[in-house]
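**Student:** The structure is given below, and queries will be raised subsequently.
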Amino acid sequence: MEASLLKKNQSVEITIEDLTHDGNGVGKIDGYPLFIPNTLPGEKVTAKIIKLNKNYGFARMENLEVVSAERVEPPCEVYSKCGGCSLQHLSYAGQLAFKRNQVEETMKRIGKLNVEVKETLGMENPWRYRNKSQVPVGFVNGKLTAGFYQKRSHEIIDMSTCLIQSEQGDFAVQKTREILAKYGTEPYDEKNGKGDIRHIMTRFAHTTGQLMLVLVTTKDRLPFKEEIICDLTEQLALTSIVQNINPQKTNVIFGDRTKTLWGKDIIEDMIHGIRFAISARSFYQVNPLQTEVLYQQAIEAAELTGEETVIDAYCGIGSISLCLAKKAKHVYGVEIVDQAIQDARANAELNNLSNTTFETGKAEEVIPAWCKAGIVADVLVVDPPRKGCDEKLLQTILAMKPKKIVYVSCNPGTLARDMKILSDGGYEATQVQPVDMFPMTTHIEAVTVLNLK
């Protein structure tokens with residue numbers, strides 16, 4: 001059959017050849033790719049075509065004819081609807097192999113790099129790992145509920161549990177929605193802008209057991225606030241209850257104002273023996289066990305002896321900076337978000353680490369100023385957002401010529417792109433280490449070290 005003869009709503013038999021970066025199976029009919037969710041390589045399926053573009057199409061599986069040995073039954077009862085996970089139907093060993101392959105192919109395709117990609121470092125138990133949950137609140141079948149959005153929609157799924165959230169945070173969300181419903185709290189309706197409560201957020205500190213609950217409301221006044229707080233503190237082992245006020249008609253979760261309703265302003269957690277104070281809006285890695293693994297890779301890659309000056313170019317609240325400061329002469333951190341820098345300074349003080357300097361600004365502007373002031377980096381660390389390093393920063397790094405660059409990445413595509421630029425500029429990487437920070441999803445982190453030739 002020629003691809004040009006394919007029609008919408010047509011059923012076709014197809015063999016799945018590969019997985020895309022977002023976890024969809026892909027097969028071809030006469031060279032024309034069809035993307036089919038919830039399928040795995042090696043499987044033969046009957047699928048119904050739902051959309052045809054010029055160069056590729058989408059289909060929905062109707063029947064599974066040949067089953068992959070890596071297929072498992074997803075334990076989550078709403079997996080087929082929820083947009084939170086995408087790989088529960090693939091065995092965990094299969095997920096780790098898929099993620100390693102994803103990094104390896106990206107290195108070759110985008111970076112044109114021949115580097116060793118090591119086996120993905122996974123979790124012993126890849127469930128209940130998230131220390132932060134933030135779920136929208138709405139009406140489902142006439143009752144208040146809180147859950148994740150359905151795939152490709154803003155319809156909230158009525159769910160009783162989420163198997164990748166911490167049990168403590170998961171339980172707190174369910175209890176909170178029961179208490180809000182008891183007092184007739186009106187969920188926010190994004191269509192008409194009415195309602196009192198927008199989101200419920202929890203933050204759980206893995207090492208201390210401290211739990212923060214955040215209520216995101218549309219206005220300062222929350223009806224029955226005192227009664228709700230009383231019930232929450234009686235039924236949950238909380239450290240803190242915080243209110244964030246977001247009156248804007250927007251999909252952004254947080255507003256500008258935050259206030260503590262009960263308990264402490266922060267909770268505390270630890271990574272590699274470093275204490276961190278976490279506020280409602282602090283950036284903090286969501287998988288504490290794998291954060292230890294990820295940062296250990298970065299620490300080992302830096303090979304610090306105590307004599308080195310380190311620059312952390314996207315330092316956030318100082319999580320990597322402070323772990324490195326225990327083994328470095330001095331660590332300089334720069335971050336564009338001022339609140340994060342304030343958190344980093346507070347965390348340095350909390351841990352009595354005086355060999356740190358944190359400054360707010362763009363890395364590509366602050367680092368050259370440091371260089372002019374005589375600060376020369378032996379090791380430069382970058383842990384950029386998904387878009388990768390700013391082009392000006394890469395040129396700054398190449399001009400500064402640190403002996404070693406430790407690159408921590410959450411996006412293989414931009415990692416490969418930036419490694420190519422740095423390689424062309426005189427640096428060499430021999431291997432990349434993937435770390436599975438987000439089991440059951442397609443996301444993957446990786447660490448590599450580039451040495452000046």
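The values are calculated or read from the model by the stated rules, or taken from the named source; none is laboratory data. Only a predicted model underlies this, so the values are computations on that prediction, with no experimental measurement involved. In this analysis, Cβ positions are derived from the backbone assuming ideal geometry, glycine residues included, and neighbour counts consider all displayed protein chains. Remember, those area values only see protein heavy atoms, side chains included, never the ligands or the DNA or RNA. Shrake-Rupley method; radii C 1.70, N 1.55, O 1.52, S 1.80 Å.
**Student:** Given 37 °C and 0.692 mPa s, how large is the Stokes-Einstein diffusion coefficient of the range 299-453 in µm²/s, with Rh as the Kirkwood radius over Cα pairs? If you can, show how the numbers build up before the last one.
**Tutor:** Numbers: Rh = 15.6 Å.
Rounded, D is 211 µm²/s.
**Student:** Roughly speaking, what is the stretch gain from ASN114 to ASP18, that is 0.36 nm per residue apart minus the C-alpha to C-alpha distance, in nm to one decimal?
**Tutor:** On the way: separation 96, 0.36 × 96 = 34.56 nm, distance 2.18 nm.
That works out to 32.4 nm of additional length.
**Student:** Here's something else I'd like to know. Binning at 5 Å from 0, report for the range 227-341 what percent of all alpha-carbon pair distances ends up in each bin.
**Tutor:** In whole percents, the pair-distance histogram is 2, 10, 15, 18, 17, 13, 10, 8, 5, 2, 1, 0.
**Student:** Please report, for the Cα atoms of the range 288-391, the Rg to one decimal and the Dmax as a whole number; what are they, in angstrom?
**Tutor:** Calculated on Cα positions, Rg and Dmax stand at 12.8, 39 Å.
**Student:** How big is the dipole moment of the chain about its Cα centre under a simple scheme where the beta carbon of each Lys and Arg is +1, that of each Asp and Glu is -1, and everything else is neutral? Debye, nearest 20, please.
**Tutor:** Numbers: 53 positive and 57 negative charges, 208 e Å.
Computed about the Cα centre, the dipole is about 1000 debye.
**Student:** Okay, next question. Just need the relative contact order of the range 378-453 here, percent rounded to a whole number, with Cα pairs under 8 Å and 6+ apart. Before the final figure, lay out the partial values.
**Tutor:** Numbers: 129 pairs, mean separation 25.8, N = 76.
The normalised contact order for the range 378-453 reaches 34 percent.
**Student:** Measuring with a 1.4 Å probe in the full set of protein chains, what accessible area per residue, in whole Å², belongs to the chain?
**Tutor:** Values: 20860 Å² over 453 residues.
Roughly 46 Å² per residue, with all protein chains present.
**Student:** Then there's this: How much of the accessible area of the chain, probe 1.4 Å, is carbon plus sulfur, in whole percent? Don't jump to the answer; show the numbers that get you there.
**Tutor:** Details: 10220 of 20860 Å².
Carbon and sulfur together cover 49 percent of it.
**Student:** Quick check on packing: order 7-14, 421-428 by the mean number of other C-beta atoms within 10 Å, highest mean leading. The partial results should precede the final answer.
**Tutor:** Working: 7-14: 12.9, 421-428: 16.4.
The peptides rank, most packed first, as 421-428, 7-14.
**Student:** When we measure straight from the Cα of LYS372, which lysines land under 23 angstrom away, once same-chain ones fewer than 8 places off are left out?
**Tutor:** Of all the lysines, those that pass the test against LYS372 - Cα under 23 Å, at least 8 places apart if same chain - are LYS329, LYS362, LYS392, LYS401, LYS403, LYS404.
**Student:** What's the ranking of 92-102, 324-334 by average number of surrounding C-beta atoms within 10 Å, highest first? It would help to have the intermediate numbers written out before the result.
**Tutor:** Working: 92-102: 19.6, 324-334: 21.7.
Top of the packing list down: 324-334, 92-102.
**Student:** Tell me, what is a quarter of the convex hull surface for the C-alpha atoms of the range 125-243, in nm² with one decimal? Show your work: numbers first, answer last.
**Tutor:** Values: hull surface 30.8 nm².
So the Cα hull casts an average projection of 7.7 nm².
**Student:** In nm, what is the difference between 0.36 nm times the number of residues separating ALA93 and LYS329 and their Cα-Cα distance?
**Tutor:** 80.9 nm
**Student:** Provide the solvent-accessible area of ARG128, counting protein heavy atoms only and rolling a 1.4 Å probe, rounded to the nearest 10 Å².
**Tutor:** Solvent-accessible area, nearest 10 Å²: 70 Å².
**Student:** When the Cα centres of the range 198-252 and the range 327-349 are compared, how far apart do they sit, in Å?
**Tutor:** Result: 27 Å between the Cα centres.
**Student:** First check a/c for the range 110-188, with a ≥ b ≥ c the square roots of the eigenvalues of its C-alpha gyration tensor; if it is under 1.5, answer rounded, and if not, answer prolate when a/b is larger than b/c or oblate otherwise. Please list the in-between numbers first.
**Tutor:** Details: a/c = 4.09, a/b = 2.15, b/c = 1.90.
Because a/c hits 1.5 or more and a/b exceeds b/c, the range 110-188 counts as prolate.
**Student:** Cross-link candidates for LYS182: which aspartates and glutamates have Cα within less than 12 Å, leaving aside residues fewer than 8 places away along the same chain?
**Tutor:** GLU227, ASP231
**Student:** Over the Cα atoms of the range 399-453, each weighted equally, I'd like the Debye log10 I(q)/I(0) at q = 0.21, 0.25 Å⁻¹, rounded to two decimals.
**Tutor:** Results for the range 399-453 at q = 0.21, 0.25 Å⁻¹ read -0.74, -0.96.
**Student:** Farthest toward the dipole's positive end in the range 186-227, which of LEU215, GLY193, ALA205, given Cβ charges of +1 (Lys, Arg) and -1 (Asp, Glu) about the Cα centre?
**Tutor:** So the residue furthest toward the plus end is ALA205.
**Student:** In whole angstrom, note down how far apart the Cα centers of the range 124-147 and the range 373-404 are.
**Tutor:** 38 Å
**Student:** If you place +1 on the Cβ of every Lys and Arg and -1 on the Cβ of every Asp and Glu, how big does the dipole about the Cα centre of the range 126-175 come out, in debye to the nearest 20?
**Tutor:** On the way: 7 positive and 4 negative charges, 25 e Å.
So the magnitude is around 120 debye.
**Student:** Multiplying the sequence separation of PHE139 and LEU64 by 0.36 nm and subtracting their Cα-Cα distance, what value in nm do you get? Kindly include the intermediate steps, with their values, before the conclusion.
**Tutor:** Details: separation 75, 0.36 × 75 = 27.00 nm, distance 3.53 nm.
Residue separation times 0.36 nm, minus the Cα-Cα distance, leaves 23.5 nm.
**Student:** Related question: Counting only C-alpha contacts under 8 Å and six or more residues apart, can you give the relative contact order of the range 138-268 as a whole percent?
**Tutor:** 19 percent
**Student:** Using only the Cα atoms of the range 1-75, build the gyration tensor, take square roots of its eigenvalues as a ≥ b ≥ c, and label the shape rounded, prolate or oblate: rounded if a/c is under 1.5, else prolate if a/b is larger than b/c, else oblate.
**Tutor:** Since a/c reaches 1.5 and a/b is larger than b/c, the shape of the range 1-75 is classed as prolate.
**Student:** Each label point is 7 Å from the Cα along the Cα-to-Cβ direction; what then is the distance between the points at GLU167 and PHE224, in nm?
**Tutor:** Output for this residue pair reads 3.0 nm.
**Student:** Could you compute how much accessible surface MET440 exposes when probed at 1.4 Å, giving the result in Å² to the nearest 10?
**Tutor:** Approximately 10 Å² of MET440 is accessible to the 1.4 Å probe.
**Student:** With each pseudo-label sitting 7 Å past Cα toward Cβ, what's the LYS264-LYS151 distance in nm, one decimal?
**Tutor:** 4.1 nm
**Student:** Does the range 190-240 classify as rounded, prolate or oblate by the C-alpha gyration tensor (a ≥ b ≥ c root eigenvalues; a/c under 1.5 gives rounded; else a/b over b/c gives prolate, otherwise oblate)? Before the final figure, lay out the partial values.
**Tutor:** Values: a/c = 3.62, a/b = 1.69, b/c = 2.14.
Because a/c hits 1.5 or more and a/b fails to exceed b/c, the range 190-240 counts as oblate.
**Student:** Moving on to the next point. For the range 334-384, with only Lys/Arg (+1) and Asp/Glu (-1) charged at the beta-carbon, what is the dipole magnitude about the Cα centre, in debye rounded to 20?
**Tutor:** Working: 3 positive and 9 negative charges, 31 e Å.
Taking the Cα centre of the range 334-384 as origin, the dipole is about 160 debye.
**Student:** Can you tell me what percent of all Cα-Cα pairs in the range 67-122 are more than 16 Å apart? Provide the component values of the computation, followed by the final result.
**Tutor:** Values: 842 of 1540 pairs.
For the range 67-122, the share of Cα pairs beyond 16 Å comes to 55 percent.
**Student:** OK, next. Just the number, please: Stokes-Einstein D of the range 45-142 in µm²/s, Kirkwood Rh from C-alpha pairs, 20 °C, 1.002 mPa s.
**Tutor:** Working: Rh = 17.4 Å.
Diffusion coefficient, whole number: 123 µm²/s.
**Student:** So, in nm, how far is label TYR183 from label VAL72 when the simple model puts each one 7 Å beyond its Cα toward the Cβ?
**Tutor:** It is 4.1 nm.
**Student:** If you don't mind, there's one more thing I want to ask. Excluding same-chain residues fewer than 8 positions from LYS81, which lysines have a Cα within less than 16 Å of its Cα?
**Tutor:** Correct list for LYS81: LYS151.
**Student:** Right, next: Could you work out the helix-only [θ] at 222 nm for the chain, with each DSSP H run of four or more residues adding -39,500 (n - 2.57) and the total divided by the number of residues, to the nearest 500 deg cm²/dmol? Before the final figure, lay out the partial values.
**Tutor:** Values: 9 runs with 113 residues, N = 453.
Helix contribution divided over all residues of the chain: -8000 deg cm²/dmol.
**Student:** Next question. Given Cα pairs under 8 Å that are at least 6 residues apart, what percent is the relative contact order of the chain?
**Tutor:** On the way: 994 pairs, mean separation 55.6, N = 453.
After rounding, I find 12 percent.
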